[in-house]
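The values are calculated or read from the model by the stated rules, or taken from the named source; none is laboratory data. These numbers come from a predicted model, not from an experiment. When we count neighbours, we look across all protein chains shown, and the Cβ atoms used for this are built from the backbone with ideal geometry, even at glycine.
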Amino acid sequence: MKKIITFVLIFIFAITYIAVPAGYTGGVSVKMYAPDGRDIMVSIEDVEAYKSVGWYSEQVTTLYSMDMREIVVSMDEKDEYLKVGWYEEPFFVMYAPDGREITVEGNLVEQYVSVGWYTEPVVYMYSRDGRSLVVLKRELEAYKNVGWYDNIDIISKIMISPDGEETRVFSDYYTYYYNLGFRFKGRENLDVTKPMVALTFDDGPGNHTMRIVSCLLAYNCVATFFCVGQNVDAMRQTVRSARDFGMEIGNHSYSHPDLATLNPDGIKWQMDACSNSIYNAIGEYPALCRPPYGSIGNNVLSNVGMPSILWAIDTLDWKTRNAEKTVESILSSVKDGDIILMHDLYKETADAVEIVVPKLLEAGFQLVTVSELAQFRNIDLVSGMKYHRIKSN
């Protein structure tokens, strides 16, 4: 009997040795682990394949650093990494509307959101009537296109009350506060030894005049507006507001004809009618004029009855209707004493003004009216004379 049993065992061993291929595991399974806590049972021959796509043969976890790095470590190593500045929660950058940024752990995100932080860049936007809102930075241009601003200083200004208190006033309320006795802060510091230029605007008033005025005010600057009389009659309040805010109002004829084509009486009528329209709007007559188209000759000079102001830089804004080209035409050639020609009828010109004013200031120029430019340079502007640029003798 023992011989039979021994024979059977030898037979089974032989069959097994012959029939089972080398490397056969007999269906052995092992547990694999993912960094996110999942686990799965796989056959032992699939282990390497799973490792190649991010699974591990021991329990692991993902740790995070404040500079947004992440690392996968075994559970046995986790505590050592936590001691040297790694964290179990991922970090996120949070954004405040005032431009601040902060990095916080993921489990604190909702807490920061509840007190006014955001998970993507945002900015404050402002309206001319003083409203404000927070918008995603990627929506900035869309809001600008419908009249919102991301620079509060473009549409508001500090005003001083009669008793000396400072108040930020938005542009829709400038006239109201001015009539209460408030005045604009910051025109006391002009330095006559530094470069000055005069921005001038023709053909208005128009729908974009007050936007230009508001931008100038935001930077404590002024300009000269050569107005067409019939437009003044239609928009007296605009002209009055511009003058109240320190802008100079000049004569640009009543109906914008080429004065060189008129006889002396026709020239005088155009100038007198415009001056009367301006007087009716602001209570004073203009001291300067600019003949339409810059068309000028002895007949015009001798009959307009006031100094004729031309320009050193013609931006051609009326032709290009392109803010960038208008800005470039100024910045590429501007010099001390220049008189710069633009037109306040066009949105693109208003866009250009909001760009070029701070750039001129950064370049060291002070923006004044034509009359101020002459005053600060000790130049008397004489009736019957024309001026392209005003510099000290």
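Considering only residues that are in contact with a helix residue (DSSP H, G or I) (Cβ under 8 Å, 6 or more places away or on another chain), of a type in the set (D, E, K, R) and in a loop (DSSP other than H, G, I, E, B), which ones fall in the stretch 378-393?
Selection gives Asp380 alone.
Here are Asn220, Asn207: which of them is polar (S, T, N, Q), within 17 Å of Val357 (Cβ to Cβ) and either assigned to a loop (DSSP other than H, G, I, E, B) or in contact with a Lys or Arg (Cβ under 6 Å, 6 or more places away or on another chain) (or both)?
Asn220
What about Asn145, is it under 23 Å from the mean Cα position of the chain (by Cα) and without any contact (Cβ under 8 Å) to a residue 24 or more places away in the chain?
yes
Going by what's in this entry, would Asp129 be described as among the acidic types (Asp, Glu), in a loop (DSSP other than H, G, I, E, B) and outside the structural domain of Tyr33 (by TED's automatic domain parsing)?
yes
For the stretch 313-333, which positions are surrounded by fewer than 19 Cβ atoms within 10 Å (Cβ to Cβ) and farther than 13 Å from Asp202 by Cα?
If the condition is that a residue be surrounded by fewer than 19 Cβ atoms within 10 Å (Cβ to Cβ) and farther than 13 Å from Asp202 by Cα, then Lys319, Thr320, Arg321, Asn322, Glu324, Lys325, Glu328, Leu331, Ser332, Ser333 are the ones that fit.
Considering only the stretch 50-80, state which residues are in contact with a helix residue (DSSP H, G or I) (Cβ under 6 Å, 6 or more places away or on another chain) and of a type in the set (S, T, N, Q).
Residue satisfying the conditions is Thr61 alone.
Just give me the residues in the stretch 189-204 being more than 16 Å from Gln375 (Cα to Cα) and in a loop (DSSP other than H, G, I, E, B), in sequence order.
Asp203, Gly204
Only one of (1) surrounded by 19 or more Cβ atoms within 10 Å (Cβ to Cβ); (2) in contact with a Ser or Thr (Cβ under 9 Å, 6 or more places away or on another chain) is not met by Phe184, so which one is it?
(2)
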